[in-house]
Amino acid sequence: MIINLTKEQVKEVFGELRYMGADNCYKYDKESRKRTDEVEALKLHLGSAKLGNSVDIRLEATELPRIEPYAVVELENAVYDPYVQRGNFPVLVERITCKGIRAVSGKGNV
């Protein structure tokens, strides 16, 4: 199930988002089951005013964004794509991805 989120829906769910940093997501070799050195995406760490916590969102890019820490940001083409992780007990993993991120000017950015 894939749901394309509008900017209004993102704001309603998360409130104001602030950039906290990002980590690389590496590709895995399926045969050896080991991590390769090839970066396939970034995991954004964003502070959410509405959740009162941080949220991790996958950015479909390999280059770190040039955004100041704690800057108010806006997601571009956000998609909600949950899946079930199998194991002894199935677990719903709520995955959100986006194609881009940008700082919002004039929003009290540091």
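Would you please name the residue that is most open to solvent (accessible area, probe 1.4 Å), looking only at residues in the range 1-10 that are assigned to a helix (DSSP H, G or I) and not aliphatic (A, V, I, L, M)?
Checking each candidate, the answer is Glu8.
Do we have Asp23 as on the phi < 0 side of the Ramachandran plot, loosely packed, with under 15 Cβ neighbours inside 10 Å, in contact with a strand residue (DSSP E or B) (Cβ under 8 Å, 6 or more places away or on another chain) and free of Cβ contacts under 8 Å to residues at least 12 places away in the same chain here?
Judged against the criteria, Asp23 is not a match.
Would the range 56-63 turn up any residue that is free of Cβ contacts under 8 Å to residues at least 60 places away in the same chain and surrounded by fewer than 11 Cβ atoms within 10 Å (Cβ to Cβ)?
Checked the range 56-63: at least one residue is free of Cβ contacts under 8 Å to residues at least 60 places away in the same chain and surrounded by fewer than 11 Cβ atoms within 10 Å (Cβ to Cβ).
Quick one: which residue in Arg66, Arg33 is at negative phi, at pLDDT below 95 and basic (Lys, Arg)?
So the residue among Arg66, Arg33 that is at negative phi, at pLDDT below 95 and basic (Lys, Arg) is Arg66.
Give Gly52, Gly47 a once-over and let me know the one that is closer than 21 Å to Lys11 by Cβ, without any contact (Cβ under 8 Å) to a residue 12 or more places away in the chain and either open to solvent by less than 80 Å² (accessible area, probe 1.4 Å) or not aromatic (Phe, Trp, Tyr) (or both).
After ruling out the rest, the residue left standing is Gly52.
Which ones in the range 65-101 are hydrophobic (A, V, I, L, M, F, W, C) and surrounded by 13 or more Cβ atoms within 10 Å (Cβ to Cβ)?
Ile67, Ala71, Val72, Val73, Leu75, Ala78, Val79, Ile96, Cys98, Ile101
When you go through Val84, Val13 one by one, which is the residue that is assigned to a strand (DSSP E or B) and over 13 Å from the mean Cα position of the chain (by Cα)?
None of the others qualify; the one that does is Val84.
Any residue at all in the range 40-58 that is in a strand (DSSP E or B), more than 15 Å from the chain's Cα centre (by Cα), of a type outside the set (A, V, I, L, M, F, W, C) and farther than 15 Å from Ile101 by Cβ?
Looking through the range 40-58, none of the residues is in a strand (DSSP E or B), more than 15 Å from the chain's Cα centre (by Cα), of a type outside the set (A, V, I, L, M, F, W, C) and farther than 15 Å from Ile101 by Cβ.
Looking only at the range 26-44, filter to residues that are exposed (fewer than 13 other Cβ atoms within 10 Å of the Cβ) and among the acidic types (Asp, Glu); which one of those is farthest from Asn77 (Cα to Cα)?
Glu31
The values are calculated or read from the model by the stated rules, or taken from the named source; none is laboratory data. Only a predicted model underlies this, so the values are computations on that prediction, with no experimental measurement involved. Reconstructed Cβ throughout: ideal geometry from the backbone, glycine too, with neighbour counts over all protein chains shown. Each accessible area value is taken on the protein alone, full model and side chains, heavy atoms only, with ligands, DNA and RNA left out. Shrake-Rupley method; radii C 1.70, N 1.55, O 1.52, S 1.80 Å.
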